[in-house]
Amino acid sequence: MEKKIQEGAEESRRRRRYSAEEKLRLVAESEAPGSSVSLVARKYGINASLLFRWRQLKESGGVSGLQAGEAVVPESEVQALKLQVRELQRLLGKKTQEAEILRDAVELAREKKLPVARGLVQAGRHSVSAVARALAVARSTLHRPLSPRQPRRPDAQADAEVLEELKAVVGQRATYGYRRACAVLNRQRRAESKPVVNPKRAYRLMRQGQLLLQRHRGKPTRTHEGQVMTLKSNLRWCSDGFEVRCWNGERVHVAFSLDCCDREAIAFQAAAQPPTALTIQDLMVETLEARFGPGTAKAPHPVEWLSDNGPVYTAKDTRDFGLGLGLRVCTTPSYSPQSNGMAEAFVKTFKRDYVYVNELLSAVHVLAHLPAWFDDYNRCHPHRGLKMKSPHEFRTANSQP
């Protein structure tokens, strides 16, 4: 009994095939007086839409349409389309030959190619990019004015003044390249109502004055395709730690938190002893109050707290404490420090611009100067990701009134 049921189910799942004669007979019966598509469909157990489709195929192509199962194109229309295709192929071959002849002619008269290209652009019949692509001419060359002009000579007196200002900036911040030095200089010139300096001009003057940094040509051994940056502030905070070795052999351990949008170093904890889970918990509270106001017990919306897999971050007490503050505590994959790349980049920048260029007499000396270094970073350090603004300038410009 079960075998018969299974065989019946298999037969019902099979798609029935109808011959052209059966289709014609069913269509004719549906067209008979007093009959309809729905009545014939119910009578023979087929879908009404299928029968209606057969009627359309019969009206458009007769028996051939029913046999093919698709719309039939008249023979005259097929012949007309074939003639049109042959004509298009002939025209395409002719135009291809003409294009090759013109390209060869342009190559022979290479010195006259630019005037021809500019003439085509002035005619206005073709776009600049199309002319540049067809004649193999740089598009920037076609955008230049046609009338020759004398090259602009730099103002020696103004350049000397700018160079002295750049020397003063580099003297205070020896680790800054030409872009950051130019950003700091423009900040000072705007305050004095002076015209700003173009970064290319700053590069030229710093190269003449031998003020450029040595170019780094090393390649990273590991790359990371993830994105740590966020589009708004207070959506993700990253945290990490680093160590400062003093000249007398003492060490200062620093743990910090950083916003992944505005790059501000929100808070830090520093001591001569290695950080513990309580240190990170204090850092979480200080970060929360710095962003949402003193006395804030819980974040108004979920904020991601990103860190590496250090024991002080992965401790159960730290994770539970962070969840209680409304933080979504998460860590990077194992052996993947680049997944917390923004915090790693901050450590490199902070050591290069502050630790390595200042006196590190003792742990007490470093602990006394750390607040000033963090404040200077937030107020003065330009970031390329912030359009050469400091974190404080970026937050001020994007703060809602």
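No lab work stands behind these numbers, since they all come straight from the coordinates. Remember, predicted model here, so these are calculated numbers, not experimental data. Ideal geometry is used to build each Cβ from the backbone, glycine not excepted, and the neighbour counts take in all protein chains shown.
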### Task
At q = 0.16, 0.20, 0.28 Å⁻¹, work out log10 I(q)/I(0) for the range 318-357 with the Debye formula, treating every Cα as an identical point scatterer and leaving solvent out; two decimals please.
-0.61, -0.75, -0.85
#### Entry: Distance between modelled label sites at residue 175 and residue 141, nm, 7 Å Cα→Cβ extension
4.5
### Task
Mind running the shape call on the range 236-398? Use the C-alpha gyration tensor, a ≥ b ≥ c as the square roots of the eigenvalues: rounded below 1.5 for a/c, prolate if a/b tops b/c, oblate otherwise.
oblate
#### Entry: Reciprocal mean inverse distance between Cα atoms of the range 76-143 - Kirkwood radius, Å
14.0
### Message
Under the rule a/c < 1.5 gives rounded, and otherwise a/b versus b/c splits prolate from oblate, where does the range 296-343 land using the Cα gyration tensor?
### Response
oblate
### Task
Kindly state, to the nearest 0.05, the FRET efficiency for residue 396 paired with residue 247, given R0 = 51 Å and r defined as their beta-carbon distance.
0.85
### Message
As an exercise, use a Förster radius of 30 Å and the Cβ-Cβ distance of residue 161 and residue 128 to find the FRET efficiency, rounded to the nearest 0.05.
### Response
0.15
### Query
What is the distance, in nm, between label points placed 7 Å from the Cα along the Cα-to-Cβ direction at residue 153 and at residue 49?
8.2
#### Entry: Cα-projected label distance for residue 349 with residue 81, points at 7 Å along beta-carbon direction, nm
6.2
### Query
What FRET efficiency, computed as 1/(1 + (r/R0)^6) with R0 = 25 Å and r the Cβ-Cβ distance, is obtained for residue 335 and residue 229, rounded to the nearest 0.05?
0.65
### Query
How do 121-133, 379-391 rank on mean C-beta neighbours within 10 Å, highest first?
379-391, 121-133
### lysines whose Cα lies under 26 Å from that of residue 298, excluding same-chain neighbours fewer than 8 positions away
232, 316
### Difference of contour (0.36 nm per residue) and Cα-Cα distance, residue 212 to residue 301
27.6 nm
### Query
What is the ratio of the Cα radius of gyration of the range 178-302 to 2.2 N^0.38 Å, where N is its residue count, to two decimals?
1.46
### Query
If you stretched the chain out fully between residue 91 and residue 286, how much longer would it get, using 0.36 nm times the residue separation minus the C-alpha to C-alpha distance?
62.7 nm
